[in-house]
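The values are calculated or read from the model by the stated rules, or taken from the named source; none is laboratory data. No experiment lies behind these values; they were computed from the predicted model shown. Quick reminder, even Gly has a Cβ in these numbers, built from the backbone with ideal geometry, and neighbours come from all protein chains shown.
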Amino acid sequence: MAVNEKLRTKCCIVGGGPAGVMLGYLLAREGIAVTVLEKHRDFFRDFRGDTVHPSTLQVLHELGILADFLKVPHQQIAQAGAKIGDLTVQVADFRRLPTRCKFIALMPQWDFLAFLSDQGKRYSGFDLRMSYKATELLHDGRRVTGVRASTPEGLVEITADLVIGCDGRHSTIRGAAGFEVIEKGVPIDVLWFHISRHSNDPAQVLGNVNYGKALILINRGDYYQAGLIIPKGSFDAIKQQGLERFRSDLVKIAPFLGDRVNELQDWEAIKLLSVQINRLKRWHRPGLLCIGDAAHAMSPAGGVGINYAIQDAVATANLLSPALRDGNVSERLLAQVQRRRELPTRIVQQVQAFAHRGLAYVFLHPGEATAPTPFRVIIQLPGIKHVIGRFIGMGPRPEHVRNPVTPRPRSEGMLQAAVMLGGACGAVVLGARMLRKNRPRTIPRSMRNRTERPGVH
Ligand SMILES: Cc1cc2nc3c(=O)[nH]c(=O)nc-3n(C[C@H](O)[C@H](O)[C@H](O)COP(=O)(O)OP(=O)(O)OC[C@H]3O[C@@H](n4cnc5c(N)ncnc54)[C@H](O)[C@@H]3O)c2cc1C
C-alpha cells in the first residue's frame, strides 16, 4: 500500500496507555516535539486497572496538577484489608507514607488517561494521534528511524530521532525489534466482572479468601469491580460447570453479596485476564526504547502496573530530555533507563511471584479457610502494615519529576525507606520459608512457579 503521509518528530511514542501518555506530556512539557500514536479511537475500553498509587499522586503533585486530578470523580483507600475464612485483618496502611497523598485513588483508567492527555495538550509539542496503529519499524542500517502506522486515512510514516514502545504487554514494537522476552511462570488467571455495591457493605476489604478461592472486591462507589482469582487455564472448566455454580461459589466466599450475584446473567459479563509476568532482557537498541508493560508485563497483584508504567515514564523523561532536545540520544543513555528501572521492576515481580505462590496454596484447600500460621505471624509484626503500605504505595526507588512545580519532599527518610525495604524482604523470606514448610507435597507442577526462562510473548 502506498504511503499517504510522512511526518517528522523528535520522539515517536507508540501506545497511548499510562506510560505513553505520561511520557508524551512530560517531554512536551520540556519543550520537545513528541507524537503519541494510539491504535484505539478513544480511551474507553474494558477494565484495565483503576489504581493510582501514592507514588503517582506524588508525581502529579510535583507537576502542579494534583488538585485538578482530585476533582475527577474517584474513591480513596487509605488502608486495605483481607478476610481469610472468618479472620478479617488490615494488610496495608498508607497513612504514614512520606508522600503528599496518603491513599490510593481509584479512578477508571480512561478518566485518568483523558486527564493526562488534556494536560499534554496544553503544550504545543504534544501531538496525540488516535486511531494510529503502528505496524512496523523503519530502519536506517542498525538504527531505528521511525514507524509505519495504519490510520483511517491510509498508511503514514513517522520518522523520529527516537521511537519509544509503550504499547503494552502484546507490544508490536518489541516483537518487530526482535527483543528477547523472559517469562516467569504464573499459576493464576483473573476473571473480572461488576457486582452492585450497597452503602452498608464491608468497607476497605479488598481480598476475600475461602473454600479454595480468592475474590477481590474493589469499591467503585455504587458497584464493585470484582476479580475472582482462578488456577491458570481453568476458565473453560469453570464455564462447563455452569453459571449457577459460579454464582453460588461467589456467595460462599462473600455471603453478603447474596442475590446480587444474579446480576451475572451470561459469561459475556465475565472477562478473563490471562496473567503474565515477564520482562525484556534488553529494553533498547539504537533509536529505540521500550518501557512500561512493553518492557515488563506485571501481574495485577498489588495493582502496581499503571504506577510502574508512570515511574518508567518519569525516569525516561528525566534521563532523555536534554539529549532529545539536542537530537543526540545515544544507546548508552537508553541503557541508563533500563539500568534505573529494571531493579525496582524485578523486585516487585519477585514479590508478585511470591503472592502467586500463596494463591496456589489457597487453591489446594477447598474447605473452610483458616489463615495459615505464617500469615498470622507476619501480619502481627509491629509496623508491618506500614511496610506493606510503603512497598505497594511507593515501591522501591520512586521517581521524581525533573523541574517540579512544587518541590519534592526534602527527604523521604532514606533510613526509614531502607528499614521498610529490609522489613518487606525479611517478611517475604520468612513467609516463603514457612509456606514451603507447610506446603502439601501434592502441589501440581503446573501451579508452581517455574524458574525464569527465555520465552516468547
Ligand atoms: C484486566 C486488567 C486489570 C488490571 N488491573 C490493574 C490494577 O488494578 N492496577 C494497576 O496498576 N494495573 C493493573 N493492570 C495492569 C495495567 O493495566 C498495566 O500494567 C498498565 O496499563 C501498563 O501501562 P502501559 O502504558 O505500559 O501499557 P498499556 O496500558 O497496555 O497501554 C498500551 C497502549 O498501547 C496501545 N497500543 C497497543 N499496540 C499498539 C500499536 N501497534 N499502535 C498504537 N497503539 C498501540 C494500546 O491500545 C494501549 O492503549 C491491569 C491490567 C489488566 C489487563
*asked:* What are the pairs with Cβ atoms under 6 angstrom where one residue, in the stretch 276-290, is farther than 8 Å from E183 by Cα and the other, located anywhere, is buried (at least 22 other Cβ atoms within 10 Å of the Cβ) and of a type in the set (D, E, K, R)? Sequence gap at least six, or different chains.
replied: C290/R174
*Candidate set from the stretch 44-62 (those that are buried (at least 22 other Cβ atoms within 10 Å of the Cβ) and among the hydrophobic types (A, V, I, L, M, F, W, C)); member that is nearest to I306 (Cα to Cα)*: V52
*Checking T51 against (1) of a type in the set (S, T, Y); (2) in contact with a Cys (Cβ under 9 Å, 6 or more places away or on another chain); (3) over 20 Å from T172 (Cα atoms), which single condition isn't satisfied?*
(2)
_Within the stretch 102-155, tally of residues that are at pLDDT below 95, buried (at least 17 other Cβ atoms within 10 Å of the Cβ) and assigned to a loop (DSSP other than H, G, I, E, B)_ = 2
*Failed item in (1) surrounded by fewer than 17 Cβ atoms within 10 Å (Cβ to Cβ); (2) within 8 Å of the ligand (Cβ to nearest atom); (3) without any contact (Cβ under 8 Å) to a residue 60 or more places away in the chain, with E331 passing the rest*: (2)
*Of the residues D118, D111, which single one is closer than 12 Å to Y25 by Cβ and acidic (D, E)?*
D118
_Condition check for G292: within 20 Å of the chain's Cα centre (by Cα), within 19 Å of I230 (Cα to Cα) and within 12 Å of the ligand (Cβ to nearest atom)_ = no
*Tally the residues that are touching a Phe, Trp or Tyr at 6+ places or on another chain (Cβ under 7 Å) and of a type in the set (A, V, I, L, M, F, W, C), restricting the search to the stretch 195-242.*
5
*Write out, first by first residue and then by second, each pair whose Cβ atoms fall under 6 Å of each other, whose residues are 6+ apart or on separate chains, and whose first residue, in the stretch 166-186, is outside the structural domain of R143 (by TED's automatic domain parsing) and free of Cβ contacts under 8 Å to residues at least 40 places away in the same chain while the second is surrounded by 22 or more Cβ atoms within 10 Å (Cβ to Cβ) and assigned to a loop (DSSP other than H, G, I, E, B).*
none
*Output the residue which, of all residues in the stretch 129-150 that are free of Cβ contacts under 8 Å to residues at least 60 places away in the same chain and of a type in the set (S, T, Y), is nearest to the ligand (Cβ to nearest atom).*
T135
